[in-house]
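Here's the structure we're looking at; comments come further down.
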Amino acid sequence: MYNESSVRKDLVFYGRKIEAKNLVVGPGGNTSARAGDIVYIKASGVAFEDATANDYIGIDLTTGKVVGSFKKPSCEILMHLGCYAIRDDIAAVVHTHSPWAMALASSGQTVPPLFPDYIGLLGTEVPLIDYVVPAGKGLADKVVEAARKHNAMLLANHGVVALGTNVREAYFRALTVEVAAQVFVTSKIMGGARVLTPEEVREVDQLEAEDYRRELLKGWSH
Ligand SMILES: [Zn+2]
């Protein structure tokens with residue numbers, strides 16, 4: 001369970017990783033995490049590589065108002081708040097503009113299950129959400145609808161949204177979407193991607209080793 005201090009530490013720590021892995025450029029993308037009734041989200045216009053603990057500002061989940069800061073929250077705040085409102089089991093949202101995922105989503109395709117880590121972290125599928133202008137209620141509504149059943153999704157011509165029980169889990173999910181997009185596009189170029197069959201997906205999904213790894217991730221925070 002997060003408190004204000006551990007939320008801020010995780011957001012700063014994984015924000016640096018998101019930048020280091022080239023999942024965003026400059027002030028693109030945003031992350032948030034929930035401690036009780038307060039959601040901490042990256043301030044508008046701040047780049048992950050520069051963001052310090054105070055650049056993650058508190059929003060009251062009930063009123064939607066900023067708590068204890070004069071800064072403005074990320075303009076994509078609505079989709080974050082919407083996900084927390086319908087998912088009691090998540091405490092973090094990571095939104096990236098990662099290039100392979102954007103390329104795939106911009107061609108109207110999503111990432112199919114190609115390797116076991118995909119299934120372990122993302123489940124059996126990653127939905128593709130049609131393009132909607134960023135930052136508004138229209139996009140938030142579509143993301144929230146997909147978030148009812150999925151922990152990661154692609155946004156056409158835009159990026160990736162991943163949810164998690166903590167920032168580490170949401171970050172790994174966003175990174176797995178990017179890796180899956182890279183593997184999918186590359187294997188297509190090399191002669192065709194063999195997607196795992198539904199039976200193969202089910203086999204991996206039911207592995208005890210996958211359950212164990214999922215449980216380990218859930219308990220993690222700074
Ligand atoms: Zn965005």
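Bear in mind that the values in this text are calculations on the coordinates, not laboratory data. This one's a predicted model, so the numbers in the text were calculated from it and none came from an experiment. Neighbour counts run over all protein chains shown; Cβ positions are idealised from the backbone, glycine included.
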Theoretical FRET efficiency, 1/(1+(r/R0)^6), r = Cβ-Cβ of M1 and R213, R0 30 Å, to 0.05: 0.90
Folded to 0 to 90 degrees: helix 137-147 orientation relative to the chain principal axis, Cα: 50 degrees
Calculated log₁₀ intensity ratio I(q)/I(0) where the Debye formula runs over C-alpha points of the chain, q = 0.15, 0.16, 0.19 Å⁻¹: -0.93, -1.05, -1.46
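Equivalent ellipsoid semi-axes for the range 133-222, as square roots of 5 times the alpha carbon gyration tensor eigenvalues: give them largest first, rounded to whole Å. List each step's numbers first, then the result.
On the way: eigenvalues 112, 95, 34 Å².
Semi-axis lengths for the range 133-222 are 24, 22, 13 Å.
Taking every pair of alpha-carbon atoms in the range 105-159, give the share separated by more than 14 Å as a whole percent. Before the final figure, lay out the partial values.
Numbers: 786 of 1485 pairs.
Every Cα pair in the range 105-159 considered, those over 14 Å come to 53 percent.
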For the chain: lysine pairs under 25 Å (alpha-carbon distance), excluding those fewer than 8 apart on one chain: 27
Nearest-20 debye value, the range 173-222 charge dipole, Cβ charges on Lys, Arg, Asp, Glu: 280 debye
Residue-averaged [θ]222 nm for the chain, counting only DSSP H segments that reach four residues, each worth -39500 (n - 2.57): -13000 deg cm²/dmol
